[in-house]
Amino acid sequence: MFDLSGKAALVTGASRGLGRAIALAFARQGADVAVNYRGNASAAEEVAGAIRELGRRAATIQGDTSGGREACEAIVKAALDAFGKVDILVNNAGITRDDLLMRMSAEAWDEVIDTNLSGPFWMTRAIARPMMKARSGRIINMSSAAGRMGNPGQANYAAAKAGLIGLTKTTARELASRGITCNALAPGLIETDLTADLPEAASEALKGMTPLGYIGSVDDVAAAAVYFASDEARYVTGQVLGVDGGIVMGA
Ligand code: NAD
């Protein structure tokens, strides 16, 4: 089940956190993985080393996914050069710049939209043609529970993550006839560097709202990514899967 042998994956923002866990989970299932990172080359090399120890091929690709069309095309080209193809793209790179709506700066708004929404759009644009030629592909977008339910202090982040769900569904509809699926993961509170700075009161409040009552691990999300990437998920597209302890229960 969920064998990814012979597949090549590209994971953005994969030098730590959820991206790192997804890259390693893909490698454990047999995939070769291109590890995109923005700044931390040694962390990306560590992830690549762990992938190679699992017997898979790895490439590290420096690139800023918020850099627009050319930056994203360069990342995709580097992955294609490394493996000859990309079967699976995970748009994972993301940031937070939290502030209350009335205090949020233009920079905080733009930076989060550029990274969390425009980045996945340009990455999808860049990967679509080679995937269409191959008549197969898996695109997985990292949304968030915040994009489904809103979150005080995260107008920019919630708007980007909600927008990403619209992008996911549209991509799924446009590319379905070419054998490409596109789905979104919507994690709740997961223990990573991103959430480490959350004030104790905020994380307690979120835990209190979570039916399962605890913070999730990166491996909880990575397992769901493996499923979306697999052949077994061939009939699943345009979906949003909450990996969130039940904090969002949609229809
Ligand atoms: P993290 O900060 O630990 O990791 C994010 C990674 O993305 C970092 O390595 C960072 O350098 C990279 N990155 C950021 N901007 C980039 C850019 N422009 N180009 C390339 N790389 C870039 O965060 P995480 O918790 O692992 O989050 C990963 C994804 O999951 C994000 O999209 C985040 O919004 C989403 N998410 C996280 C949680 C959570 O609770 N941790 C919940 C829901 C959604």
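The values are calculated or read from the model by the stated rules, or taken from the named source; none is laboratory data. Only a predicted model underlies this, so the values are computations on that prediction, with no experimental measurement involved. Cβ sites come from the backbone with ideal geometry, for glycine too, and all protein chains shown count toward neighbours.
Under the condition of being over 16 Å from residue 117 (Cα atoms), free of Cβ contacts under 8 Å to residues at least 60 places away in the same chain and part of a helix (DSSP H, G or I), the residues counted in segment 170-192 number 4.
Criterion first (within 16 Å of the ligand (Cβ to nearest atom) and of a type in the set (S, T, N, Q)) does residue 203 satisfy it? I'd like the intermediate steps shown before the answer.
Working: within 16 Å of the ligand (Cβ to nearest atom): yes; of a type in the set (S, T, N, Q): yes.
For residue 203, the condition - within 16 Å of the ligand (Cβ to nearest atom) and of a type in the set (S, T, N, Q) - is met.
Are any of the residues in segment 30-42 in contact with a helix residue (DSSP H, G or I) (Cβ under 9 Å, 6 or more places away or on another chain) and over 17 Å from residue 61 (Cβ atoms)? No, segment 30-42 contains no residue that is in contact with a helix residue (DSSP H, G or I) (Cβ under 9 Å, 6 or more places away or on another chain) and over 17 Å from residue 61 (Cβ atoms).
Would you call residue 124 in contact with a strand residue (DSSP E or B) (Cβ under 8 Å, 6 or more places away or on another chain) and part of a loop (DSSP other than H, G, I, E, B)?
Numbers: in contact with a strand residue (DSSP E or B) (Cβ under 8 Å, 6 or more places away or on another chain): yes; part of a loop (DSSP other than H, G, I, E, B): no.
Criteria not met by residue 124.
Note on segment 104-161: residues that are under 23 Å from residue 190 (Cα atoms) and among the hydroxyl-bearing types (Ser, Thr, Tyr) total 4.
Among the residues of segment 37-49, those that are over 13 Å from residue 17 (Cα atoms) and surrounded by 18 or more Cβ atoms within 10 Å (Cβ to Cβ) comprise 38, 48.
Scanning for something away from the ligand (no atom under 16 Å from the Cβ) and farther than 24 Å from residue 222 by Cα, does segment 134-153 turn up at least one residue?
Of segment 134-153, the ones away from the ligand (no atom under 16 Å from the Cβ) are 134-138.
Next, only the ones that are farther than 24 Å from residue 222 by Cα stay: 134-135.
Yes, the conditions are met somewhere in segment 134-153.
For segment 88-105, the count of residues that are within 21 Å of residue 192 (Cα to Cα), within 14 Å of the ligand (Cβ to nearest atom) and among the small types (Gly, Ala, Ser) is at least one. Restricting attention to segment 170-193, the residues that are over 15 Å from residue 146 (Cβ atoms) and at pLDDT below 95 add up to 2. Counting residues in segment 54-61 that are within 23 Å of residue 21 (Cα to Cα), surrounded by 17 or more Cβ atoms within 10 Å (Cβ to Cβ), in contact with a Lys or Arg (Cβ under 6 Å, 6 or more places away or on another chain) and among the small types (Gly, Ala, Ser) gives one or more. The condition (being touching a residue at least 12 places away in the same chain (Cβ under 8 Å) and within 9 Å of the ligand (Cβ to nearest atom)) is satisfied by just one residue among 214, 157: 157. Every condition in (1) within 10 Å of the ligand (Cβ to nearest atom); (2) under 21 Å from residue 74 (Cβ atoms) is met by residue 112 except one, and the failing one is (2).
Residues are listed down the side, and each one gets a yes or a no for (1) farther than 22 Å from residue 132 by Cα; (2) modelled with pLDDT of 95 or more; (3) not in a strand (DSSP E or B):
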| position | (1), (2), (3) |
| --- | --- |
| 163 | yes, yes, yes |
| 168 | no, yes, yes |
| 203 | yes, no, yes |
| 223 | yes, yes, yes |
| 248 | yes, yes, yes |
| 251 | yes, no, yes |
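Regarding segment 164-173, can at least one residue be identified that is under 24 Å from residue 74 (Cα atoms), in contact with a helix residue (DSSP H, G or I) (Cβ under 9 Å, 6 or more places away or on another chain) and within 10 Å of the ligand (Cβ to nearest atom)? Checking segment 164-173: at least one residue is under 24 Å from residue 74 (Cα atoms), in contact with a helix residue (DSSP H, G or I) (Cβ under 9 Å, 6 or more places away or on another chain) and within 10 Å of the ligand (Cβ to nearest atom).
Comparison of 128, 176, 184, 196 shows that the only residue that is within 20 Å of residue 237 (Cα to Cα) and within 13 Å of the ligand (Cβ to nearest atom) is 184.
Only a single item in (1) in contact (Cβ under 8 Å) with a residue 12 or more places away in the chain; (2) farther than 21 Å from residue 36 by Cα is not met by residue 114, and it is number (2).
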